[in-house]
1. Assuming ILE222 fulfils every condition listed in (1) β-branched (Val, Ile, Thr); (2) modelled with pLDDT of 95 or more; (3) in a helix (DSSP H, G or I) apart from one, which condition is it?
2. Report yes if ARG126 is in contact with a Leu (Cβ under 7 Å, 6 or more places away or on another chain) and assigned by TED's automatic domain parsing to the domain that holds TYR83, otherwise no.
3. Give the residue that is surrounded by the fewest Cβ atoms within 10 Å (Cβ to Cβ), with candidates limited to residues of the stretch 25-45 that are in contact (Cβ under 8 Å) with a residue 60 or more places away in the chain and farther than 15 Å from ASP86 by Cβ.
4. Tell me yes or no: at least one residue of the stretch 130-142 is outside the structural domain of ILE306 (by TED's automatic domain parsing), farther than 15 Å from LEU80 by Cβ, surrounded by fewer than 18 Cβ atoms within 10 Å (Cβ to Cβ) and hydrophobic (A, V, I, L, M, F, W, C).
5. Among the residues of the stretch 165-213, what is the count of those that are buried (at least 21 other Cβ atoms within 10 Å of the Cβ) and of a type in the set (Lys, Arg)?
6. Consider the stretch 198-249. How many of its residues are among the β-branched types (Val, Ile, Thr) and within 22 Å of the chain's Cα centre (by Cα)?
Amino acid sequence: MKYYIIAGEASGDLHASNLMKELNKLDKNANFRVWGGDLMQNQGGKIVKHYKELAFMGFYEVLMNLGEIRKNFKLCKTDLLDYNPDILILVDYPGFNLRMAEFAKNNNIKTYYYISPKIWAWKKSRAWKIKKFIDKMFVIFPFEKDFYKSYNYDVEYVGNPLVDELEEKKVLLTDLQTFKSKNNLLEKPIIALLAGSRKQEINLILPEMLEIIKFYPNYQFILAGAPSFEVKDYQQLTNGFDVKLIFNQTYDLLKHSTAAIVTSGTATLETALFNIPQVVVYKMNSLTYSIGKHFIKMRFFSLVNIVMQKEVVKELLQNNISENIKTELDLILFNKIYKNNILTNYLELKNKLGEKGASKRTAEIIYADLQ
C-alpha cells in the first residue's frame, strides 16, 4: 500500500513514526511518502519537507510567512496527486492538515486523521469540517470521544501513544551515575528545563526559565535541546547562565530530575508520566497573545490539567513568568505535602490515559480498512 503522511512538528514526527513501524509489521509492501522528520525517515519515509521548515505558530508568525506557507500548500497538493496514495494520514497540525483534508477528499483520496487537532480548545466549529472531510478520526484522549459525539461524529479512541513510547524507552534509560558521568554533571539534584521545540517558543520562554537559576545554587539546571536545533541555536540565550545543554537524552533527563519547568505541549504529559513535579509555562508574541485570548476559552492550557479537568500542575502564561516560576518551584522543592499531591494526581492521570498499544490499534484498523 502507498501511504502519504503529514506531520508538522516534533511530537507528530514521533507518533507518526511509531504508527509507521506498526504498519510496516502488517504491510510488507508499505511505501511511505511523508512530511515529517528524522524518526519518520528512519521508518522508511521518503521526506518531502522536514517539519523544521513548517513550524509557523501564532497569528504574527503565520502572517510573516504567508508566502512560504502558500508554496508549501502548492507543493503538497501537487505531490499528493503525483504520488496517488491509497490513503492520506494526517497527524495533528490542523492549520495545514485540514486544508489538505479538504483537497484530498475533493480528489477522492481516503483521508484518516491520527491525533485530533485540539479544536476543543479553540475553533470548535472545525469539528464540522472534520466530519465532512475526514473518513476516520483516531483520538488519544478519552474526553475527545464525547466532544465529537456532540457533533454526531463517531471517532475511534485508541489510547495515548505516549504510553507506548515511554514503556519502550524506559528500559533503555541509563542509571543516575552513568547519566551524570556521560554529561559531566555535578553531584547536585537536577532541575530539567524543557523549553519547547519551536524557535519562537525557545526565544520567548527560555529567557524566563533561565532567570530563576540564580536562586537555586544547590541544584543544577539541565536544558533539553530540541531535536531540530544545534548548540549554536541556544548559545546566545544561555551565555552567562549556569545551565548545561544536552541533546537526545530528554527521557534520561526526566528520569533523573527532581523537578521540571516545561513549555506547554506534549512534554507536560511526558513529564507527568515520569512522575516529575512540574511548572508549566507558555509565552507567545504579544500580538498573537492579544488576538488569541479573545478566541481561546478554556480553563486550562496544559495537557495534564486538560485531561484531569482540574489544576494538577501550575500554569503560568505570558506575564511575570520568571518570578512566578520561583514561587511554584519553592513549593515543589520544599513543601512535601504540595509535591505529594501532584504525584497522587499523576497516578489518576495515568489511569485515564489507559493501556499501551495506541499505535498498534490504529495501524490494525487502518490496514483492515484498506483490505
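The values are calculated or read from the model by the stated rules, or taken from the named source; none is laboratory data. Computed from a predicted model, the values in this text were never measured in an experiment. All Cβ positions, glycine included, derive from the backbone under ideal geometry; neighbour counts span all protein chains shown.
1. For ILE222, the exception is condition (3).
2. Working: in contact with a Leu (Cβ under 7 Å, 6 or more places away or on another chain): yes; assigned by TED's automatic domain parsing to the domain that holds TYR83: yes.
It is true that ARG126 is in contact with a Leu (Cβ under 7 Å, 6 or more places away or on another chain) and assigned by TED's automatic domain parsing to the domain that holds TYR83.
3. Residues of the stretch 25-45 in contact (Cβ under 8 Å) with a residue 60 or more places away in the chain: 25-27, 37-38.
Narrowing the set further to residues that are farther than 15 Å from ASP86 by Cβ leaves 25, 37-38.
Values: LYS25: 13, GLY37: 26, ASP38: 16.
Applying the filter and picking the extreme gives LYS25.
4. no
5. 1
6. Step one: filter the stretch 198-249 for residues among the β-branched types (Val, Ile, Thr), giving 202, 205, 212-213, 222, 231, 238, 243, 246.
Filter again for within 22 Å of the chain's Cα centre (by Cα), leaving 202, 205, 222, 231, 246.
Summing the residues that are among the β-branched types (Val, Ile, Thr) and within 22 Å of the chain's Cα centre (by Cα) in the stretch 198-249 gives 5.
Conditions (1) part of a helix (DSSP H, G or I); (2) of a type outside the set (D, E, K, R); (3) crowded, with 16+ Cβ neighbours inside 10 Å; (4) not assigned by TED's automatic domain parsing to the domain that holds LYS182, marked per residue:
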position: PRO227; (1), (2), (3), (4): no, yes, yes, no
position: TYR234; (1), (2), (3), (4): yes, yes, yes, no
position: LEU254; (1), (2), (3), (4): yes, yes, yes, no
position: GLU270; (1), (2), (3), (4): yes, no, yes, no
position: VAL281; (1), (2), (3), (4): no, yes, yes, no
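One line per residue, one yes/no per condition, for (1) at pLDDT 90 or above; (2) not aromatic (Phe, Trp, Tyr):
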{"site": "LYS129", "(1), (2)": "yes, yes"}
{"site": "PHE138", "(1), (2)": "yes, no"}
{"site": "GLU168", "(1), (2)": "no, yes"}
{"site": "GLU201", "(1), (2)": "no, yes"}
